[in-house]
């Protein structure tokens, strides 16, 4: 039965207007529909779902539990449609492409500001959506194809991703001569160390690892 449900965007907007105003009359006015047409659309949604979506009261209407669920999903659908319109408008305005880039905190604060500024100046038609994530989560989201590129520490397992070195992140240990940590320099570990960050992307052979940041 549910396989035959067909709601259009007018139905969803109307239903949200009705829920938000608590009135089918006010909702129909905001949707630029005749009251009879709006009532028929609401009834059609209820018949298709097999449950009442609105409780009719003497002074208006209020959503049932099923109605609240429909309203929640209707908002998500309409928000996604608006995002689609905005993205298509960007392409119409000359945008050549959009890339979603996930990065750990170290790369965002220390390396990406200048690198992204240089890239965007050179490629003004490319839009980069940058989001901060921990390295292990970046790897899993790249494998799920949630994003196109990521920057992770070399402690992350990128064996299932194509990766290459991006930057070497220098770490400095500052301690007193009496601290037990000071003995680390005597055992071959110098006062400065490095961690890696790099780029990666799915389904390609990994490069040789190193103590660097990797782009994946």
- Note on the structure: In nanometres, the difference between 0.36 nm per residue of separation and the alpha-carbon distance of residue 87 and residue 62 is 5.5 nm
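Any chance you could tell me what percent of the C-alpha pair distances in region 19-77 go past 16 Å?
Roughly 43 percent, rounded to a whole number.
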- Note on the structure: Taking only C-alpha positions in region 1-126, Rg and Dmax in angstrom work out to 21.7, 63
- Task: Would you please give the FRET efficiency between residue 171 and residue 119, computed as 1/(1 + (r/R0)^6) with r the Cβ-Cβ distance and R0 = 30 Å, to the nearest 0.05?
- Result: 0.70
- Message: So if each residue of separation counts as 0.36 nm, and I subtract the Cα-Cα distance between residue 55 and residue 127, what length gain in nm does that give?
- Response: 21.3 nm
- Query: Roughly what would the spin-label model give for residue 164 and residue 76, points 7 Å off Cα along C-beta, in nm?
  - Reply: 3.8 nm
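Every number here is computed from the coordinates shown, using simple stated rules; none is lab data. The shown structure was predicted, so the numbers you read here are calculated from the model rather than taken from an experiment. Note that each Cβ is placed from the backbone with ideal geometry, even for glycine, and that neighbours are counted across all protein chains shown.
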